[in-house]
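Shown next, in structure tokens, is the structure this report addresses.
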Amino acid sequence: MRPSILALALLAAALPVSALGADAEEFAAVGDKEVITLDPAASYVVLQTNSDSSMYSFGLTLLRRPTDADRSDYIRRRGEALAKAHAKWERKHASWAADAGRWDAMKPNQRAGKRPVEPVEPTDANLAFPPIDRENMVQVGPFDRFAKKDGRSTFVHKVKPGRYVFYGPIIFNANAAGGTCMCMGSIEFEVPERTIVHAGMMTLNWMDERAKAKAEGRPVPKTDLDLPPEMNAVSWELPRAGASIDPRLSAYRIVPAEMRAAGPFPNYFGVGIDRITAIPGIITYDRDRIVAAN
């Protein structure tokens, strides 16, 4: 299912963004200031989108692959949460047992209402605790742009070192999400410690195809469903070594990301699903199967 770019832009304006998911202390946007200073001890990712318009400002979500240390910490915290929930349930269950016992001892004509409902015992399977991936999602844009120029928006984000997957053109907060998950095929890249990585540009093809159609005098695609059959809604422009991004970053060493194929992965938000347009040398497809080129 391809996303509606207009709907995504409107949702970006209407949906308040929160720091849900990744820790805001470790994941922070670098704002559009005349003079910037990046922390030499931190890691950063530079990402771009193919719009510098305020109306069509859209964001994306990255998923950081959890490390062994992350998983161990997650298991510990989940276990603590389960123990706390179970202790609370034990108190509720004892109270229920007493109430149910009194209700059972009554004669039918003495009972008021229905028999008390037994509280559900919390288990690891039904515990209300977010998946570890959900905790490692980083939202980039649509606001807090570092720069907008020449048809591009540039975002610079401080991030934890690790391997990041392009999860999709998705924006989210605690209550809602909108966009499309690249569940069926995407890309991923490494952000090493103390490194600034340029990950390239997410392209929403509908916007580029509209501009080309107008310039060539042919029918303008009304939605992304009108795109050529070999083109999905989202493409990715790979970063180039030495590419000029913004004069304020010229004093910093920026390395291009080394992309690899990624997917499939879960659609945690329940939004529409798609896959990134094939990138020669990185990712292609054999029907529904991802073919990794590296």
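Overview of values
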{"item": "Neighbours by Cβ (under 8 Å, 6+ apart or cross-chain): first from the range 127-153, on the phi > 0 side of the Ramachandran plot; second outside any loop (DSSP other than H, G, I, E, B) and among the β-branched types (Val, Ile, Thr)", "result": "Gly141/Thr49; Gly141/Ile171"}
{"item": "Condition met for Arg91 (on the phi < 0 side of the Ramachandran plot, assigned to a loop (DSSP other than H, G, I, E, B) and either surrounded by 10 or more Cβ atoms within 10 Å (Cβ to Cβ) or at pLDDT below 95 (or both))", "result": "no"}
{"item": "Flag for Asp99 being among the acidic types (Asp, Glu), touching a Leu at 6+ places or on another chain (Cβ under 9 Å) and either more than 27 Å from Tyr268 (Cα to Cα) or assigned to a helix (DSSP H, G or I) (or both)", "result": "no"}
{"item": "Check on Gly101, closer than 19 Å to Asp274 by Cβ and either of a type outside the set (A, V, I, L, M, F, W, C) or open to solvent by 70 Å² or more (accessible area, probe 1.4 Å) (or both)", "result": "no"}
{"item": "Residue satisfying all of: in the range 129-161; within 24 Å of Cys183 (Cα to Cα), aliphatic (A, V, I, L, M) and touching a strand residue (DSSP E or B) at 6+ places or on another chain (Cβ under 6 Å); surrounded by the most Cβ atoms within 10 Å (Cβ to Cβ) among these", "result": "Val140"}
{"item": "Condition broken by Arg240, with the remaining ones in (1) in contact (Cβ under 8 Å) with a residue 12 or more places away in the chain; (2) not in a loop (DSSP other than H, G, I, E, B) satisfied", "result": "(2)"}
{"item": "Any hit, the range 188-198, residues being surrounded by fewer than 13 Cβ atoms within 10 Å (Cβ to Cβ), over 22 Å from the mean Cα position of the chain (by Cα) and modelled with pLDDT of 95 or more", "result": "yes"}
{"item": "Residue check for Ser244: closer than 16 Å to Phe58 by Cβ, of a type outside the set (A, V, I, L, M, F, W, C), modelled with pLDDT under 95 and open to solvent by 20 Å² or more (accessible area, probe 1.4 Å)", "result": "no"}
{"item": "Residue match in the range 44-63 (condition: among the charged types (D, E, K, R), open to solvent by less than 70 Å² (accessible area, probe 1.4 Å), within 26 Å of the chain's Cα centre (by Cα) and modelled with pLDDT of 95 or more)", "result": "no"}
{"item": "Extreme residue, farthest from Glu121 (Cα to Cα), among residues of the range 58-100 that are in contact (Cβ under 8 Å) with a residue 40 or more places away in the chain and hydrophobic (A, V, I, L, M, F, W, C)", "result": "Phe58"}
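A quick yes/no check of all residues on (1) buried (at least 18 other Cβ atoms within 10 Å of the Cβ); (2) in contact (Cβ under 8 Å) with a residue 24 or more places away in the chain; (3) hydroxyl-bearing (Ser, Thr, Tyr):
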position: Pro256; (1), (2), (3): no, yes, no
position: Ile273; (1), (2), (3): no, yes, no
position: Thr277; (1), (2), (3): yes, yes, yes
position: Tyr285; (1), (2), (3): no, yes, yes
position: Asp288; (1), (2), (3): no, yes, no
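Okay, residues lined up against (1) assigned to a loop (DSSP other than H, G, I, E, B); (2) open to solvent by 10 Å² or more (accessible area, probe 1.4 Å); (3) under 30 Å from Thr37 (Cα atoms):
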position: Arg163; (1), (2), (3): no, yes, yes
position: Tyr167; (1), (2), (3): no, no, yes
position: Ala174; (1), (2), (3): yes, yes, no
position: Gly178; (1), (2), (3): no, no, no
position: Met184; (1), (2), (3): yes, yes, no
position: Ala213; (1), (2), (3): no, no, no
position: Arg218; (1), (2), (3): yes, yes, no
position: Glu230; (1), (2), (3): yes, yes, no
position: Ser235; (1), (2), (3): no, yes, no
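The values are calculated or read from the model by the stated rules, or taken from the named source; none is laboratory data. Small disclaimer: the values here were computed from a predicted structure and weren't measured. When we count neighbours, we look across all protein chains shown, and the Cβ atoms used for this are built from the backbone with ideal geometry, even at glycine. Surface accessibility is based on the protein's heavy atoms, side chains included, excluding ligands, DNA and RNA. Shrake-Rupley method; radii C 1.70, N 1.55, O 1.52, S 1.80 Å.
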